[in-house]
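Asker: This is the structure I want to talk about, given as structure tokens.
Computed from the coordinates by the stated procedures, all read-outs in this text should not be read as laboratory data. It should be emphasised that the depicted structure is a prediction, and the values quoted were computed from it without experimental measurement. Note that we place each Cβ from the backbone using ideal geometry, even for glycine, and neighbour counts take in every protein chain shown.
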Amino acid sequence: MSNSTITPWVVGNWKMNPMHANAFQLIQEFKQLLEHENIAPEQCHIGVAPTTIALTSIQAQLKDAARTVYTVAQDLSRVAGTGAYTGEVSAELLKDSGIEFALVGHSERRELFGDHVEILKEKLHHALNAGLTVIYCVGESLDQREQGLADQVVLQQICDIAAVVQAEQWQNIVIAYEPIWAIGTGKTASPEDAQAMHAKIREGLTQITSYGANMAILYGGSVKAENAVELAACPDINGALVGGASLNAQSFYQIAKAFAQSK
Ligand code: PEP
């Protein structure tokens with residue numbers, strides 16, 4: 001059952017893009033769009049997830065934006081605190097730099113960098129314990145969908161984390177449903193298919209946590225300005241995790257506007 005009081009989220013995942021000068025330009029353009037016609041924070045949370053090396057500079061650039069735009073880490077270490085872990089950035093280091101949000105479990109991390117379930121549980125556990133809000137990504141492959149396993153796979157990915165989330169911490173989790181076959185491919189799940197999966201995720205969440213009815217469930221997978229309005233109209237789609245289209249300020253702004261106006 002959907003809850004229309006959930007404030008939507010629109011988060012841009014920049015992945016390993018862009019170069020410094022283009023990132024600067026992108027943020028300036030986005031800030032100008034907000035200055036020209038603002039999107040009220042109570043209508044839509046907005047965040048951008050730059051590369052780790054750009055997190056603090058983007059955050060500094062966003063300080064004078066016309067509204068709050070969160071800076072989100074794309075990933076974090078499976079190890080907590082500080083120590084001899086070359087190349088790693090822990091939840092505590094993110095928090096210490098003023099970063100309050102992190103993605104965990106993006107399919108590119110799962111598929112390309114070996115983030116299996118035990119690693120994801122450690123990342124999630126440390127992120128939540130450090131006080132971060134986590135956008136936890138789930139989604140099935142094309143093969144799994146064609147075999148009729150999509151619901152089972154996605155619900156299992158949610159159950160996977162239950163053991164490391166304390167009762168009160170569920171309110172600090174946002175779910176992003178991203179069918180792998182729709183990421184970066186230009187293929188979007190139809191609004192009907194996406195809504196059906198979101199409703200199942202919502203049902204699963206309500207069985208696990210009393211916060212389930214109020215948790216935001218974002219859709220991700222080739223979201224663009226052109227398809228955002230119909231996705232935003234679905235009752236259980238509470239926002240979008242946007243890859244490619246978030247690298248264009250105008251497209252990203254239009255997507256945020258679509259969700260802000262939908263609820
Ligand atoms: C993503 O990387 O989370 C994503 C949804 O990418 P795209 O919008 O490019 O499909």
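Asker: Given R₀ = 35 Å, what would the calculated FRET efficiency be for Q147 paired with Q250, taking r from the Cβ atoms and rounding to 0.05?
Answerer: 0.35
Asker: Hey, what's the Cα Rg ratio for the stretch 94-211 versus the globular rule of thumb, 2.2 N^0.38 Å?
Answerer: 1.06
Asker: When the Debye formula is applied to the Cα atoms of the stretch 1-125, each taken as the same point scatterer, what base-10 log of I(q)/I(0) results at q = 0.15, 0.20 Å⁻¹?
Answerer: -0.78, -1.19
Asker: Give the order of F113, F259, F24, F30 when sorted by the count of other beta carbons within 10 angstrom, beginning with the fewest.
Answerer: F113, F24, F30, F259
Asker: Continuing with this model, one more query. Quick one, can you get me the convex hull of the C-alpha atoms of the stretch 182-240 expressed as volume per residue in Å³?
Answerer: Details: hull volume 4.1 nm³, N = 59.
Hull volume over Cα atoms, normalised by residue count, gives 69 Å³.
Asker: Sticking with this structure for a sec: Please report how many Lys pairs in the stretch 4-158 have alpha carbons closer than 21 angstrom, counting only residues at least 8 apart along the chain or sitting on separate chains.
Answerer: Details: K15/K31; K15/K95; K15/K123; K31/K63; K63/K95; K95/K121; K95/K123.
Lysine pairs meeting the criterion: 7.
Asker: Along the principal axes of its C-alpha atoms, what lengths does the stretch 105-162 span, in descending order and rounded to whole Å?
Answerer: Here the Cα extents, ordered largest to smallest, are 39, 22, 17 Å.
Asker: Assuming 0.36 nm per residue, please report the length gained on full extension of the stretch V164 to T56 beyond their Cα-Cα distance. Each step should come with its number before you reach the end.
Answerer: Working: separation 108, 0.36 × 108 = 38.88 nm, distance 2.85 nm.
Result: 36.0 nm gained on full extension.
Asker: Here is a further query. Please identify every one of the GluC sites (Glu not before Pro) in the stretch 23-62 that sits in a loop by DSSP and has no more than 14 other beta carbons within 10 Å of its own beta carbon. Show your work: numbers first, answer last.
Answerer: Details: sites: E29, E35, E37, E42; in loops: E37, E42.
Here the GluC sites (Glu not before Pro) that fit, given the DSSP loop and packing criteria, are E37, E42.
Asker: Rg/Rh for the stretch 154-263 to two decimals, with Rh computed the Kirkwood way over all alpha-carbon pairs.
Answerer: 0.98
Asker: Kindly put V79, V69 in sequence by how many other C-beta atoms sit within 10 Å of each C-beta, fewest to most.
Answerer: V79, V69
Asker: Among R67, R145, what is the fewest-to-most ranking by other Cβ atoms within 10 Å?
Answerer: So the ranking, lowest neighbour count to highest, is R67, R145.
Asker: Another one. How big is D for the chain, in µm² s⁻¹ as a whole number, if Stokes-Einstein is applied with the Kirkwood radius of its Cα pairs at 25 °C and 0.890 mPa s?
Answerer: Diffusion coefficient, whole number: 134 µm²/s.
Asker: Multiply the residue separation of E35 and Q207 by 0.36 nm, subtract the distance between their alpha-carbon atoms, and state the gained length in nm to one decimal.
Answerer: Values: separation 172, 0.36 × 172 = 61.92 nm, distance 4.19 nm.
Contour length minus Cα-Cα distance gives 57.7 nm.
Asker: Just grab the label-to-label distance for E42 and A84, each label 7 Å out from Cα along the Cβ direction, in nm (one decimal).
Answerer: Each label point lies 7 Å from its Cα, and together they span 5.4 nm.
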